[in-house]
Amino acid sequence: MKSQKIGDKLTYKIKSDNPISVYELTKSLNSLADEIKSSTPIHNTDVMISEVRKGSYEFDFIQMIAAPLLPIFMEANHTEEVIKHFLSLKEFFNKEESKDESTNISIDNAQNFQNIIKPITHTTYNNCTIVIGTDENKSLTINSNEAEVIQRKTERFISDKKNDKKIMSEELINNFEDRLIRFVQTRADNKDKGNKSVCEYISTDEIITKFANEEIKQRRIRIAKEYP
């Protein structure tokens with residue numbers, strides 16, 4: 001199926017006369033492609049490099065979409081939305097305090113942004129800059145000093161988010177013993193899915209109930225028949 005370009009090309013440029021790690025450059029390009037794709041409402045696009053400037057660290061990115069879907073997305077300026085997304089990431093991680101519980105920034109966003117600026121982070125040269133955009137009026141610019149700050153704050157953000165997830169998981173997994181449950185439904189076969197009970201100490205909702213073994217289950221069924 002034929003594909004066509006949508007939006008404007010997005011240029012990623014590292015302004016530096018110094019050598020750059022191949023590993024870090026590759027990760028930054030992959031992470032940039034991930035963020036371009038995730039920051040637009042179109043899920044079935046391909047992010048591709050259309051040009052690499054000779055003698056520089058400068059790459060042009062474009063988004064491709066299947067031709068039959070093109071009319072649906074012709075009106076929206078997706079490239080502008082991508083740039084706004086990167087500007088919002090810089091604003092969040094470059095401000096005085098990045099701890100903001102209401103943010104929609106995810107761990108993946110933070111990790112990708114960290115990778116994108118990595119080629120100019122922890123460098124001994126202070127004149128390095130990354131530019132992402134279409135022109136000088138629509139672009140994100142990050143220098144080495146800003147990259148150092150953003151690197152530290154993204155690391156802390158990712159760590160805090162992972163700790164929050166771990167705490168939430170631990171809160172959701174609790175063990176309760178010696179609590180009364182009321183059986184709502186018990187299957188006669190050996191499947192657990194249809195077994196339901198309510199433990200009002202925990203919740204009034206019905207929950208799927210698993211028996212430790214088949215003997216206990218059959219005993220429960222016999223009691224239900226004898227004392228309906």
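Rank the residues H122, H85 as a footprinting-exposure proxy: fewest other Cβ atoms within 10 Å of their Cβ go first.
So the ranking, lowest neighbour count to highest, is H122, H85.
If you rank S197, S50 by fewest surrounding Cβ atoms within 10 Å, what's the result?
S50, S197
Provide the FRET efficiency to the nearest 0.05 for the K165-I221 pair, computing r from the beta carbons and using R0 = 41 Å.
0.55
Can you tell me how much longer the chain between T129 and E91 gets when fully stretched, taken as 0.36 nm per residue apart minus their C-alpha distance, in nm with one decimal?
Result for the pair: 12.0 nm of gain on full extension.
Among R152, R219, rank each residue by its count of other Cβ atoms within 10 Å, from fewest to most, as a rough exposure measure.
Ordered from fewest to most neighbouring Cβ atoms within 10 Å, R152, R219 come out as R219, R152.
Starting from the 7 Å offset along Cα-to-Cβ, what nm value, one decimal, do you get for the label separation of E80 and S139?
Between E80 and S139, the simple spin-label model gives 1.9 nm.
Any read-out appearing in this document is the output of simple, stated calculations on the displayed coordinates, not a laboratory observation. All values reported here derive from a predicted model rather than from experimental measurement. Glycine also receives a Cβ, built like all others from the backbone with ideal geometry; neighbour counts cover every protein chain displayed.
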